[in-house]
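**Student:** Let me give you the structure first, and then I'll get to my questions.
The values are calculated or read from the model by the stated rules, or taken from the named source; none is laboratory data. Because the structure is predicted, anything quoted here is derived from the model rather than measured. Quick reminder, even Gly has a Cβ in these numbers, built from the backbone with ideal geometry, and neighbours come from all protein chains shown. For the accessible areas, the whole protein counts, side chains as well, though only heavy atoms, and no ligand, DNA or RNA atoms are used. Shrake-Rupley method; radii C 1.70, N 1.55, O 1.52, S 1.80 Å.
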Amino acid sequence: MQPNDNGTHLTRASSLDADQLRDLYAYPAELGQPWLRVNFICSIDGAVTVDGRSGGLGTPSDRRVFAALRELTDVILVGAGTVRTEDYRGARTNERLREWRLEHGLAAVPPVAVVSASAHLDPAARFFTDTSVPPLVLTSQRASDVAKNRLTEAGARVLELGADAVSTVAILDTLADLGLHRVLCEGGPSLFGQFLADDAVDELCLTTSPVLAGGPTGRISFSPKSVDNAMACGHILADDDGTVLTRWVRAR
């Protein structure tokens, strides 16, 4: 802890080791239903991407927290647009992390689940070819059999969750049925907006990158209607480069 100019004490992310980060971002001990944690990064002026991708906003401390959040989760959840734009692949791990996860009752590697009502995804993309565990595709009955079969042949587990759309309730119920209660959503804004509109977000981990981005990029969430979901600040981390990492938990 180190005081800043106005006397407020902030924890510096660079001063925390791996175990301290895990403790700081630990999920609740007892989960009777899925806990939906959302992780985003934005610029000081609110941009969610630079040149179309969020990776341009990343900093060393953000990358450490990003990795820690993945270490703690049962499943990584993303929207189809994010998979395409960010060229997603399976979660990375090593022998040490595998052992740590197994010792703490988690699968060796968390699967990545993509929400796509149409199942319109490229089976040759890294999401399917660069992964050590089968990805999950959460889709709807309106997706064509051809599209679903192509993804199944690429190694994915394809699950139909509804007739025309993939609802929040169906997503969380399906993950719960699979024993995946610690859910980490990494975007995009439309999927986050859907969860907000359905009052399903338990937690937001938000990094503010020390840059002004400008441009036409949107916010971290987008939904047709506005909502007012009260959140309480869990903690604030900061680093010398100006990165600010906050954790917000639903006020219940």
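**Student:** Any chance the stretch 4-13 includes a residue that's assigned to a helix (DSSP H, G or I), touching a helix residue (DSSP H, G or I) at 6+ places or on another chain (Cβ under 6 Å) and at pLDDT below 95?
**Tutor:** yes
**Student:** From the residues in the stretch 53-69 that are more than 23 Å from LEU106 (Cβ to Cβ) and assigned to a helix (DSSP H, G or I), which one is modelled with the lowest pLDDT?
**Tutor:** Ranking the candidates gives GLY55 first.
**Student:** Just to be sure before I move on: is ASP241 touching a residue at least 12 places away in the same chain (Cβ under 8 Å), open to solvent by 30 Å² or more (accessible area, probe 1.4 Å), over 22 Å from VAL83 (Cα atoms) and in contact with a helix residue (DSSP H, G or I) (Cβ under 8 Å, 6 or more places away or on another chain) in the structure I sent?
**Tutor:** Considered against the rule, which asks whether it is touching a residue at least 12 places away in the same chain (Cβ under 8 Å), open to solvent by 30 Å² or more (accessible area, probe 1.4 Å), over 22 Å from VAL83 (Cα atoms) and in contact with a helix residue (DSSP H, G or I) (Cβ under 8 Å, 6 or more places away or on another chain), ASP241 comes out as yes.
**Student:** Please specify each residue of the stretch 17-52 satisfying the condition of being part of a loop (DSSP other than H, G, I, E, B), free of Cβ contacts under 8 Å to residues at least 12 places away in the same chain and surrounded by 12 or more Cβ atoms within 10 Å (Cβ to Cβ).
**Tutor:** Within the stretch 17-52, just PRO28 meets the criteria.
**Student:** With the condition kept exactly as written, say whether any residue in the stretch 89-98 is open to solvent by 40 Å² or more (accessible area, probe 1.4 Å), part of a helix (DSSP H, G or I) and of a type outside the set (Lys, Arg).
**Tutor:** yes
**Student:** When the residues of the stretch 207-243 are narrowed to those that are part of a loop (DSSP other than H, G, I, E, B) and of a type in the set (A, V, I, L, M, F, W, C), which ends up nearest to VAL38 (Cα to Cα)?
**Tutor:** Here the answer is ILE220.
**Student:** State yes or no: is VAL133 modelled with pLDDT of 95 or more, outside any loop (DSSP other than H, G, I, E, B) and either surrounded by 15 or more Cβ atoms within 10 Å (Cβ to Cβ) or in contact with a strand residue (DSSP E or B) (Cβ under 7 Å, 6 or more places away or on another chain) (or both)?
**Tutor:** Against the criterion (modelled with pLDDT of 95 or more, outside any loop (DSSP other than H, G, I, E, B) and either surrounded by 15 or more Cβ atoms within 10 Å (Cβ to Cβ) or in contact with a strand residue (DSSP E or B) (Cβ under 7 Å, 6 or more places away or on another chain) (or both)), VAL133 does not qualify.
**Student:** Still on this model: What residue, among those in the stretch 196-238 that are more than 19 Å from PHE66 (Cβ to Cβ) and crowded, with 17+ Cβ neighbours inside 10 Å, is modelled with the lowest pLDDT?
**Tutor:** Ranking the qualifying residues of the stretch 196-238, first place goes to THR217.
**Student:** Being on the phi > 0 side of the Ramachandran plot, assigned to a loop (DSSP other than H, G, I, E, B), at pLDDT 95 or above and in contact with a Leu (Cβ under 8 Å, 6 or more places away or on another chain) narrows it down to one of ALA108, ALA119, so name that one.
**Tutor:** It is ALA119.
**Student:** Given the conditions (1) open to solvent by less than 60 Å² (accessible area, probe 1.4 Å); (2) in contact with a Gly (Cβ under 7 Å, 6 or more places away or on another chain); (3) free of Cβ contacts under 8 Å to residues at least 60 places away in the same chain, report the number of the one that ARG250 does not fulfil.
**Tutor:** Single failed check for ARG250: (2).
**Student:** Residues VAL114, VAL75, VAL65, VAL83: which one is crowded, with 18+ Cβ neighbours inside 10 Å and either aromatic (Phe, Trp, Tyr) or free of Cβ contacts under 8 Å to residues at least 40 places away in the same chain (or both)?
**Tutor:** Criteria check complete, one pass: VAL114.
**Student:** When you check ARG150 against the structure, is it over 14 Å from LEU77 (Cα atoms) and basic (Lys, Arg), yes or no?
**Tutor:** Yes: the conditions hold for ARG150.
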